[in-house]
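S.K.: If you scroll down you'll find the structure; I have some questions about it.
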Amino acid sequence: MQDADPINPQRLFWQLNHHLPDDAIVTSDSGSAANWFARDVKLGPAHLASLSGNLATMGAGVPYAIAAKFAHPSRPAVALVGDGAMQMNGMAELITAAKYYEGWADRRLVVLVLNNRDLNQVTWEQRALEGDPKNPATQEIPDVHYADFARMIGLDGVRIESPDAIDAAWEEAFQADRPFVIDAVTDPEVPPLPPHITVEQARHFISAVRGGDPHSRALITESFKQKILEFLPGR
Ligand SMILES: Cc1ncc(C[n+]2csc(CCOP(=O)(O)OP(=O)(O)O)c2C)c(N)n1
Ligand SMILES: [Mg+2]
């Protein structure tokens with residue numbers, strides 16, 4: 001529930017737990033979404049879930065959810081996807097969903113896009129594993145209005161830019177009568193930290209900051225918030 005600028009991506013996954021239908025099929029793309037999917041989404045015995053676990057390819061999230069709709073047309077599907085993957089193929093696959101959704105008994109296919117304008121998982125890999133500061137030329141990607149695109153092709157969606165809007169967005173998405181895109185503007189400086197980090201990773205992280213990372217102030221604040229919480233009583 002920590003704040004970030006403007007939305008802490010982790011909160012989208014945490015708050016999904018309050019809205020996820022019992023029979024939903026959840027997919028995650030490769031990227032920072034995979035971290036939050038693994039850490040924060042609570043799956044019950046009736047849920048099904050998948051991501052590209054071995055190949056770890058980007059671009060699987062939306063097609064896996066469409067495949068889920070064909071295999072189980074009466075169950076809702078949810079895809080948790082990065083903006084890079086959406087720009088690679090997820091947006092094109094929304095056209096596939098638009099072609100077929102009227103034939104699905106339950107028309108709900110919800111796509112959450114983490115709009116962080118960044119290839120964030122790799123930005124953090126380069127910081128934590130190599131000690132390299134963020135390289136904007138290779139890492140930054142355009143801000144696209146994914147919900148507008150969904151509406152343009154006959155689907156529905158909403159763009160959210162504040163954590164107060166998260167619950168209402170999930171609610172609207174699961175009440176929709178057609179595939180629905182949540183374009184969530186999220187903070188790329190919230191680190192997709194594993195529960196434990198090694199001394200070597202911490203050293204690399206410091207080297208990335210010293211190496212002139214353009215976002216060093218924000219990434220130190222967000223990392224500190226996440227780690228310090230582990231030491232607070234009752235957490
Ligand atoms: C096809 C493919 N290309 C590149 C990669 C390396 N890779 C893994 S995650 C990632 C960045 C993902 O960016 P995005 O979809 O925006 O998600 P984010 O991490 O920003 O949430 C990249 C480039 C990959 N796994 N698969
Ligand atoms: Mg991204």
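S.K.: Just to check I understand the Karplus step: with θ = phi - 60° and J = 6.51 cos²θ - 1.76 cosθ + 1.60, what whole-Hz values come out for segment 130-144, glycine and proline as x?
M.R.: 10, x, 8, x, 4, 9, x, 5, 9, 9, 8, 10, x, 7, 10
S.K.: Can you list the residues, at least 5 places off or on another chain, whose amide H is less than 5 Å from the amide H of ILE160, using H built in the peptide plane?
M.R.: Here the answer is ASP183, ALA184, VAL185, since their amide H atoms fall under 5 Å of that of ILE160.
S.K.: Follow-up. Let me make sure I get this right: for segment 171-225, a, b and c are the square roots of the gyration tensor eigenvalues over alpha carbons, sorted descending. Under 1.5 in a/c it's rounded, otherwise prolate if a/b > b/c, else oblate. Which is it?
M.R.: Prolate shape, in that a/c is at least 1.5 and a/b is the bigger ratio.
S.K.: Continuing with the same structure: Compute the helix-to-body angle for 61-71: its Cα long axis versus the longest principal axis of the chain, expressed 0 to 90° and rounded to tens.
M.R.: Result, in degrees: 30.
S.K.: Which ³J(HN,Hα) values, rounded to whole Hz and listed in residue order, are derived for segment 14-21 from phi using the Karplus coefficients 6.51, -1.76 and 1.60 in 6.51 cos²θ - 1.76 cosθ + 1.60 with θ = phi - 60°, glycine and proline given as x?
M.R.: Whole-Hz 3J(HN,Hα) from phi for segment 14-21: 4, 6, 4, 4, 7, 10, 5, x.
S.K.: Working from Cα positions, state the angle (0 to 90°, nearest 10) between the long axis of helix 166-175 and the longest principal axis of the chain.
M.R.: Orientation of helix 166-175: about 20 degrees from the principal axis.
S.K.: Give the dimensionless ratio obtained when the Cα radius of gyration of the chain is divided by 2.2 N^0.38 Å.
M.R.: Normalised Cα radius of gyration, the chain: 1.01.
S.K.: Rounded to two decimals, what is the ratio between the C-alpha radius of gyration of segment 1-76 and 2.2 N^0.38 Å? Mind showing how you got there, number by number?
M.R.: Working: Rg = 13.0 Å, N = 76, 2.2 N^0.38 = 11.4 Å.
After normalising by residue count via 2.2 N^0.38 Å, the value is 1.14.
S.K.: Enter the mean projected area of the convex hull around the alpha-carbon atoms of segment 82-149, in nm², rounded to one decimal.
M.R.: If I average the Cα hull's projected area over directions, I get 5.5 nm².
S.K.: For a quick check: with amide H placed at 1.01 Å from N, whose amide H comes under 5 Å from ASP106's, ignoring anything fewer than 5 positions away on the same chain?
M.R.: Under 5 Å from the amide H of ASP106: SER74, ARG75.
S.K.: A follow-up question, please. Between helix 216-228 and the chain, what is the angle of the helix's C-alpha long axis to the longest principal axis, kept within 0 to 90° and rounded to the nearest 10?
M.R.: 80 degrees
S.K.: Using a simple spin-label model with points 7 Å from Cα along the Cα→Cβ vector, what separation in nm is obtained for GLU161 and GLU200?
M.R.: In this crude label model, GLU161 to GLU200 measures out at 4.3 nm.
S.K.: When the accessible area of the chain is split by element with a 1.4 Å probe, what percent falls to carbon and sulfur?
M.R.: Answer for the chain is 55 percent, counting heavy atoms of protein chains only.
S.K.: Beyond 21 Å, what share of the Cα-Cα pairs of segment 1-139 remains, rounded to the nearest whole percent?
M.R.: Percent of Cα pairs beyond 21 Å in segment 1-139: 43.
S.K.: Using θ = phi - 60° and the Karplus form 6.51 cos²θ - 1.76 cosθ + 1.60, what ³J(HN,Hα) does each residue of segment 150-158 get, whole Hz, x for Gly and Pro?
M.R.: Computed from phi, the couplings for segment 150-158 are 4, 5, 4, 9, x, 9, 10, x, 8 Hz.
S.K.: Sorting check: for 7-20, 200-213, which peptide has the highest mean count of neighbouring beta carbons within 10 Å, and how do the rest follow?
M.R.: Details: 7-20: 20.0, 200-213: 15.9.
For the peptides 7-20, 200-213, the packing ranking is 7-20, 200-213.
S.K.: What is the mean projected area of the alpha carbon convex hull for segment 110-167, to one decimal in square nanometres?
M.R.: Mean projected area of the Cα convex hull: 5.3 nm².
S.K.: Just from its helices, what would the mean residue ellipticity at 222 nm be for the chain, if runs of 4 or more DSSP H residues each count -39500 (n - 2.57) and the sum is divided by every residue, rounded to the nearest 500 deg cm²/dmol?
M.R.: Helix-only estimate at 222 nm: -11000 deg cm²/dmol.
S.K.: Once you have the Cα-Cα distance between ARG151 and ILE95, take 0.36 nm times their residue separation minus that, and quote the gain in nm to one decimal.
M.R.: Here the answer is 19.1 nm.
S.K.: Take ASP143, ASP29, ASP156 and sort them by solvent-accessible surface of the protein heavy atoms, 1.4 Å probe, largest at the top.
M.R.: ASP143, ASP156, ASP29
S.K.: Taking amide H positions as placed in the peptide plane 1.01 Å from N, state which residues far from LEU114 in sequence (5 or more) or on other chains have amide H under 5 Å from it.
M.R.: VAL81, GLY82, ASP83
The values are calculated or read from the model by the stated rules, or taken from the named source; none is laboratory data. Please read all numbers here as calculations on a predicted model, not as lab measurements. Neighbour counts run over all protein chains shown; Cβ positions are idealised from the backbone, glycine included. All accessible areas refer to the heavy atoms of the entire protein, side chains included, with ligands and DNA or RNA removed. Shrake-Rupley method; radii C 1.70, N 1.55, O 1.52, S 1.80 Å.
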